[in-house]
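All remarks here apply to the structure that follows.
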Amino acid sequence: METTLLLLKPDALHRGLAGRIITRFEEKGLQLVGMRLMRMSQETAAKHYAEHVGRPFYDGLVGFMTSSPILAMALRGPDAIAVARRLMGKTFGIEADAGTIRGDFGCSKSYNLIHGSDSPESAERELGIFFPDGLEDWEPITAPWLWDAE
Ligand code: IDP
Ligand code: MG
């Protein structure tokens, strides 16, 4: 089992797409173990996007992400990191496949609705940034059928 960090970006909230995006993860069978509506500080954005410092889009990205609230979520499931990335689709809306979140809901490079951790190391680091007090552990009664769990 893995846990991944997802952020619904400001455009998802402004466009009223949060519910529909969350529904996709629920329908897929990923379990919600953390959720937080918050305004990202400059410091948090700098920490979260440290790997992108110096890239041409960095200032715009941080400005956008701190402009209004985001919805941070922790989702759990087998291979949750890769599963969530596949549901999200490629980074740019114009390139993302139809059927994915970014492919179905946008055409932009910068305003692409959602962030998802890209590796177990990133997930651990990012979950620590957005959920420093830990996550909610609970066992879905559907776990055996959702996840082939015994
Ligand atoms: P990812 O979100 O699919 O993991 P990354 O390469 O990690 O993609 O980039 C982080 C975020 O930076 C993207 O989601 C997007 O919002 C923004 N970004 C990346 N490349 C560009 C670009 O070329 N122009 C504008 N924004 C970009
Ligand atoms: Mg990334």
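Structural remarks
- For the chain, modelled as a GNM whose springs connect Cα atoms under 10 angstrom apart, the maximal fluctuation among Met38, Met88, Met73 occurs at Met38.
- Using C-alpha pairs under 8 Å with a sequence gap of at least 6, the mean separation divided by the residue count of the stretch 32-109 gives a relative contact order of 28 percent.
- Most mobile listed residue (Arg24, Arg15, Arg36) in the chain, GNM with C-alpha springs under 10 Å: Arg15
- Distance between the 7 Å Cα→Cβ label points at Tyr111 and Arg20: 1.5 nm.
- The stretch 45-144: trypsin sites (Lys or Arg not before Pro) in DSSP loop, at most 16 other beta carbons within 10 Å: Lys90, Lys109
- Full-extension gain in nm, Tyr58 to Asp79, via 0.36 nm per residue minus C-alpha separation: 4.7 nm
- GNM flexibility winner over the chain from Pro140, Pro78, Pro69 (Cα, springs under 10 Å): Pro140
- Anisotropy class assigned to the stretch 55-150 is oblate, per the alpha carbon gyration tensor with a/c at or over the 1.5 cut-off and a/b no larger than b/c.
- Relative contact order, whole percent, for the chain stands at 34, derived from Cα pairs under 8 Å and 6 or more residues apart.
Laboratory data are not the source of any read-out in this text; all were calculated from the coordinates shown. The model shown is predicted, which means the values in this text are computed figures rather than measured ones. Because the Cβ atoms are built from the backbone with ideal geometry, glycine has one as well, and the counts that use them run over all protein chains shown.
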